[in-house]
Amino acid sequence: MRAFVRTALTWLPPLLVLTLAGCATPPPASDPDALAYYNETNDPLEPFNRKMYAVNNALDAAVLRPASIAYKDVLPEFLRTGIHNILGNLHTPVQLSNDMLEGKPRRAGDTYMRFLINTTVGVLGFFDVAKGWGYPDHDADFGMTMAQWGVGPGPYLYLPVLGPNDPRDFAGFGVDIAADPFTWVGQGAVVQGLGYGKWALTALDQRSRLLGEISNIKKTALDPYATFRSLYRQHRTSQIEEMENDNRATVPVWFRQPAADH
């Protein structure tokens, strides 16, 4: 994963240059409807973003979608669910650190209990026992942490491989990678291979879970790019609002509490 981080830092500057070069020109004030739509979508990089969407779409059609279909066809559902649970358990250190940085000690306590229960009773996280014991999972990442600190999302940004994004979440993604123990614990080919294996499995897991939804959007939406942009923002807003509204009282972590109202 260290190599992945170095690679990301290497292509970040040229990516930013290309992004700035791909800015769209705002409509003139004489066209208020077009100007209002431009401001509402907050997508001044749309020419660049649509090119990246096309690149990502080609990569998905050639590699990720076929691999995800094979992954779903070969592995039975219970095994895919177990892998999904293990990947979530491995992400716990990053999730826990963001819970604390967001100032949500109750959520941090739930995350800690989930890791403790699922790693032991749940056989290294294969079974999500903690959910049935009153400790449901929740979302937490550094992009959400920055939102809690008052950092705005910035304009919409579509990136190869990563897909729908914005500057805040892209920066948060980098911080989460740096904070992941797989990035900095141990060394050598075995550790690096485990890190890349975790990344590849995560991509397959996430894509296989969205096979039907993504295919349906591409088949039925008049403008799939705009649909994905809208869905990404709605989902991200929902995640952040759920985190901000979770103000359960802080009690010792071994006392479970009902999940926050949605």
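Only the coordinates and a few stated rules stand behind these numbers; no lab work does. Note that the coordinates shown come from a computational prediction; the quantities given were computed from them, not determined experimentally. Ideal geometry is used to build each Cβ from the backbone, glycine not excepted, and the neighbour counts take in all protein chains shown.
Counting alpha carbon pairs within less than 8 Å and at least 6 residues apart, what relative contact order, in whole percent, applies to segment 76-202? Could the numbers behind the result be given before it?
On the way: 133 pairs, mean separation 28.0, N = 127.
It rounds to 22 percent for segment 76-202.
The protection proxy used here, the mean number of other Cβ atoms lying within 10 Å of each residue, ranks peptides 225-237, 69-81 as follows, highest first: 225-237, 69-81.
Taking θ as phi - 60° and the Karplus parameters 6.51, -1.76 and 1.60, the scalar couplings of segment 240-246 work out to 5, 5, 4, 5, 5, 8, 7 Hz in sequence order, x denoting glycine and proline.
Would you mind calculating the gained length between LEU79 and LEU231 on full extension (0.36 nm times residue separation, minus the Cα-Cα distance), in nm to one decimal? Spell out each step's value before the answer.
On the way: separation 152, 0.36 × 152 = 54.72 nm, distance 2.88 nm.
Roughly 51.8 nm would be gained on extension.
Across segment 213-228, rounded Karplus estimates of 3J(HN,Hα) from the backbone phi angles (6.51 cos²θ - 1.76 cosθ + 1.60, θ = phi - 60°) give 5, 5, 4, 5, 5, 5, 7, 10, 6, 5, 9, x, 4, 5, 5, 5 Hz, Gly and Pro being marked x. For LYS51, give me every one of the lysines with a C-alpha distance below 24 angstrom, ignoring sequence neighbours fewer than eight places off in its own chain. The qualifying lysines are LYS218, LYS219.
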